[in-house]
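In what follows, a single structure is set out as structure tokens and then discussed.
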Amino acid sequence: MAVLAVAALLRAPITSVPPALPSLRADLHLGPALAGATTSLPLMCFGIFAFTAPFVVRRLGLERTMLALLVPMTLGIAVRSTGGAALFFVGTVLVGVGIAVGNVLVPSFIRYRFPAQVALLMGLYTAVLQLSGAAGSALTAPLEVDLGWGWAPALLVWAVPAAAVLAWWAVLVHRAPPRQTGTLTPPSGFATVARAPLTWLITAFMGLQSLVFYSIATWLPDQLMAQGWSASVAGVVLGLLSLLGLPGAFLAPHHATSGHAPAWIAGVFGAQIVGVLCLQLGPAPAVVGALVCGVAQGGAFSTALTFIADQPRSADVPALSAIAQGTGYVLAAAGPVVVGAIYGAAGTWVTPNLALVGVLVVLIALGSVVGPTLRRAKAAAGR
């Protein structure tokens, strides 16, 4: 429960910002570039600071690292709501640092501490991430506008659960027997994990599926409005994008490295291909396509996390998670920019969407290699 409580904090502090962006921009006098940085900066932090996680785990152990990541996260949520633009971005970086370490640590923690329950807990973890993202987006406007709090208190409210989870982990670390405050075996170094070709296949898979998701999420409202829908309808459909992924989040850990992994991969990304192609077929097909993308993306993300966590050797997971998520999120950050540039050059959404279809075809090929390879490796290791 304490691990899932941390997972509940890994998206909401970030997704709570975009709904408040208009008033935040006005109060902090942010231009378009700095306004865009409010969402792109955390994504870059996810990539850059993910690489620090294995070093911290090696020094502090799993439980103490979990406690440590909650400190900058809680502090950052508080700092960004208490001053001007400079403090807002300082706080945003602190939040990004905590989440970056959490992104790497939670799959590693599950693999180390609950090796017999990886599929169940990875499904729950991914589902909680989806709910966290949806909650962050959904709660800001009611708090800011309907209750009249303003943007700063509406964002500051997430410091309350963050502080509570921080206190919870402080108690757990204090009461844990000495053997539980370190790792079971020393985590593998980056050099060891980086020499394995499978590491880079998993990294490419993680990065490309994230690139597709963030590209779709960024430009979906524009595409729906281009098909004739209002901004409010486009916002509702965008909000459903995360919630519809919950079934796939639960199912993916059971199928991603099973005997029918290639069929699972083809089904998930084949559905996304259909969804993306529907976006330019008219108003009703565009909404249906967006919802299909939402259903499929939960399975895609959960499959990527399962590839990371379900390793034959638990000692490899921290470094692999750092490489895959660190490099992957940096790659994903480029997706919305490239898609926007393609749209600007082509003047139509057909061309960038066909580019995304090409990426999805590559993901089917990658996943059809990674899933069976992990299954054989686990069988050879006696798992």
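Numbers at a glance
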| read-out | value |
| --- | --- |
| Total residues in the range 98-124, condition in contact (Cβ under 8 Å) with a residue 40 or more places away in the chain, under 16 Å from Q311 (Cβ atoms) and of a type outside the set (A, V, I, L, M) | 7 |
| Any hit, the range 8-24, residues being out of contact with any helix residue (DSSP H, G or I) (no Cβ under 7 Å at 6 or more places or on another chain), free of Cβ contacts under 8 Å to residues at least 12 places away in the same chain and under 30 Å from V236 (Cβ atoms) | yes |
| Single residue of S40, S108 found to be surrounded by fewer than 17 Cβ atoms within 10 Å (Cβ to Cβ), in a helix (DSSP H, G or I) and of a type in the set (S, T, N, Q) | S40 |
| Pairs with Cβ under 9 Å, 6+ apart, first in the range 357-383 and in the same structural domain as S314 (by TED's automatic domain parsing) and among the polar types (S, T, N, Q), second at pLDDT below 90 and buried (at least 17 other Cβ atoms within 10 Å of the Cβ) | T373/T257 |
| In the range 287-300, the residues that are among the hydrophobic types (A, V, I, L, M, F, W, C) and either without any contact (Cβ under 8 Å) to a residue 40 or more places away in the chain or surrounded by fewer than 24 Cβ atoms within 10 Å (Cβ to Cβ) (or both) | V287, V288, L291, V292, V295 |
| Conditions (1) surrounded by 20 or more Cβ atoms within 10 Å (Cβ to Cβ); (2) out of contact with any Ser or Thr (no Cβ under 6 Å at 6 or more places or on another chain): number failed by V357 | (1) |
| Complete set of residues in the range 345-354 that are in a helix (DSSP H, G or I) and buried (at least 18 other Cβ atoms within 10 Å of the Cβ) | P352, N353 |
| Hey, V79 touching a Leu at 6+ places or on another chain (Cβ under 6 Å), at pLDDT 90 or above, surrounded by 18 or more Cβ atoms within 10 Å (Cβ to Cβ) and among the hydrophobic types (A, V, I, L, M, F, W, C) or not | yes |
| Members of the range 80-97 that are touching a residue at least 24 places away in the same chain (Cβ under 8 Å) and in a helix (DSSP H, G or I) | A85, F88, F89, T92, V93, V95, G96, V97 |
| Any hit, the range 163-179, residues being assigned by TED's automatic domain parsing to the domain that holds F88, among the β-branched types (V, I, T), part of a helix (DSSP H, G or I) and surrounded by fewer than 16 Cβ atoms within 10 Å (Cβ to Cβ) | yes |
| V95 being in contact with a Lys or Arg (Cβ under 8 Å, 6 or more places away or on another chain), within 15 Å of V6 (Cα to Cα) and of a type in the set (A, V, I, L, M, F, W, C) | yes |
| The range 18-36 - residue that is surrounded by 15 or more Cβ atoms within 10 Å (Cβ to Cβ), of a type in the set (A, V, I, L, M) and in a helix (DSSP H, G or I) and, of those, modelled with the highest pLDDT | L28 |
| Residue match in the range 7-14 (condition: among the basic types (K, R), closer than 25 Å to A154 by Cα and buried (at least 19 other Cβ atoms within 10 Å of the Cβ)) | yes |
| Any chance F269 is out of contact with any Asp or Glu (no Cβ under 9 Å at 6 or more places or on another chain) and within 26 Å of A138 (Cα to Cα) | no |
| Answer residue from the range 60-76, given it is among the β-branched types (V, I, T) and buried (at least 24 other Cβ atoms within 10 Å of the Cβ) and is modelled with the lowest pLDDT among those | T65 |
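The values are calculated or read from the model by the stated rules, or taken from the named source; none is laboratory data. In this text, all values refer to a predicted model and were calculated from it rather than measured experimentally. Note that each Cβ is placed from the backbone with ideal geometry, even for glycine, and that neighbours are counted across all protein chains shown.
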